[in-house]
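Here is the structure we will look at, set down as C-alpha cells.
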Amino acid sequence: MSKSLKIVRTVKDLRKQVGKWRADGKSVALVPTMGALHDGHLGLVKLAKKKADRVVVSIFVNPTQFAPTEDLSRYPRDEAGDLEKLGGVGADLLWAPSVEEMYPDGFSTAIVAGSAAEGLEGAIRPQHFGGVATVCCKLFSQVSPDVAIFGEKDYQQLIVLRQMVRDLNLPLKLIAAPTKRAADGLAMSSRNAYLTEAERAIAPSLFAVLSELAADVSEGADLAAGIANAKRKLLASGFSSVDYVEVRDAETLAAVDRADTAPLRVLAAVRLGKTRLIDNVAV
Ligand code: AMP
C-alpha cells in the first residue's frame, strides 16, 4: 500500500526529522541514490526496512562524480515517478537537496578515495570515486544513519566506501544488496534507458560472458587466457568496445594471480553505442 512520503530539501529540516526519530529511540537506514528509480533501487529500500525502523532515501545527482565529458546533463530525472515508487515500498523520508544546498558557495573540502579506487572504474573515470566518497561522507554526516545500503551492482563503489568508513571510523555500518537483474540477466540501471532496442538485445551478453568467465575461473582456468577469451566474446556479441575485464580480490579489489585462495570477483565495463555498462559477478 502506498503511503505519503515526506520530502525535505534542507539539511536543517532533515536533521529536525531524524532528530525526532532519534528522540523516540528509532534506528535509521539511509539508501543513497541518484534517482530515476528502478526495481534495483527499490530492493535496497526493502532491505533497509528490514535493517532499521526508519528509512531515508536520498536522491542527488552529484555533479562532482561526473567528468565534463560524461552524461550529467542527460542523466534521467523523474522525481514525481520516484516519489510514487518510494511510497509504494514504504520509505519514510526523501532527502532531495539542491546542488546549492549540498555544495554552498565556498565549499572546498574533499575526500581522497583509498586504494580500492585504483584501477577499474578509477582508471577510466579518475575523478569519480573522490566525488562519490565526498558526497557519501556528507550524506552520512547529514543523515547520521545506523546503516547505509549500497548495491553490489556498483561493486568498486561499495568497496571504496567500506574502506572510507573503516579508515575514518565513521559510525555506521554499510550493508550490501545483491544486483537485481532483468529476466534476461541484464543488471537494472538507470542508464539502461539510453539503450536503443537493438542495443538492449545485445546488453544481456555482458552478464552471460562474465558468468562464463567466473565459472571458468572457479574451475581453475588461467586468468589471462580467460579474460582475453571473455573480451573476444564481448566484442563478438556486438559491444562497441571493452573498457576492462578483470578478476580481483573480492574484498579489497587487489590484483590477484591464480595461486590466490581469497574470494574473487569478475568486474567489467563495456561500451554499447553511446552507453557505458558495468557489471560484476562473484567467482
Ligand atoms: P545510482 O542511483 O545508480 O547511483 O544507484 C544507487 C544505489 O542503487 C547504489 O548503491 C547502486 O549500487 C544501487 N543499484 C543500482 N542498480 C542496482 C541493481 N540493479 N541492483 C541492486 N542495486 C542497484
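Looking across the range 33-70, the residues that are touching a Gly at 6+ places or on another chain (Cβ under 7 Å), open to solvent by less than 30 Å² (accessible area, probe 1.4 Å) and touching a residue at least 40 places away in the same chain (Cβ under 8 Å) come down to 40, 44, 62, 65.
When the residues of the range 206-220 are filtered to those that are of a type outside the set (D, E, K, R) and open to solvent by 30 Å² or more (accessible area, probe 1.4 Å), which remaining residue is nearest to the chain's Cα centre (by Cα)?
Step one: filter the range 206-220 for residues of a type outside the set (D, E, K, R), giving 206-211, 213-215, 217-218, 220.
Filter once more, keeping what is open to solvent by 30 Å² or more (accessible area, probe 1.4 Å): 207-208, 211, 215, 218, 220.
Details: 207: 17, 208: 20, 211: 20, 215: 24, 218: 26, 220: 30 Å.
Selected residue: 207.
Cβ-Cβ contacts under 7 Å between residues 6 or more apart (or on different chains), taken from a first residue in the range 168-183 that is away from the ligand (no atom under 13 Å from the Cβ) and in a loop (DSSP other than H, G, I, E, B) to a second residue that is of a type in the set (Lys, Arg) and open to solvent by less than 30 Å² (accessible area, probe 1.4 Å), are absent. Looking at residue 163, is it at pLDDT 95 or above, open to solvent by 20 Å² or more (accessible area, probe 1.4 Å) and within 9 Å of the ligand (Cβ to nearest atom)? The answer is no for residue 163. Residues of the range 25-39 include none that is in the same structural domain as residue 173 (by TED's automatic domain parsing), under 27 Å from residue 127 (Cβ atoms), of a type in the set (D, E, K, R) and assigned to a loop (DSSP other than H, G, I, E, B). Scanning the range 22-32 for residues that are open to solvent by less than 70 Å² (accessible area, probe 1.4 Å) and without any contact (Cβ under 8 Å) to a residue 60 or more places away in the chain, we see that the one that is nearest to residue 85 (Cα to Cα) is 26.
When every residue of the range 79-98 is checked against the conditions, at least one turns out to be in contact (Cβ under 8 Å) with a residue 24 or more places away in the chain, surrounded by fewer than 17 Cβ atoms within 10 Å (Cβ to Cβ), touching a Gly at 6+ places or on another chain (Cβ under 8 Å) and on the phi < 0 side of the Ramachandran plot.
Residue count for the range 112-124 satisfying the condition of being assigned to a loop (DSSP other than H, G, I, E, B) and either open to solvent by 40 Å² or more (accessible area, probe 1.4 Å) or at pLDDT below 95 (or both): 2. For the range 184-203, the set of residues classified as open to solvent by 20 Å² or more (accessible area, probe 1.4 Å), within 16 Å of the ligand (Cβ to nearest atom) and over 25 Å from residue 66 (Cβ atoms) consists of 184 only.
The values are calculated or read from the model by the stated rules, or taken from the named source; none is laboratory data. The model shown is predicted, which means the values in this text are computed figures rather than measured ones. Using ideal geometry, Cβ is built from the backbone for each residue, glycine included, and neighbour counts are taken over all protein chains shown. Protein only, heavy atoms only, side chains kept; ligands, DNA and RNA dropped before computing areas. Shrake-Rupley method; radii C 1.70, N 1.55, O 1.52, S 1.80 Å.
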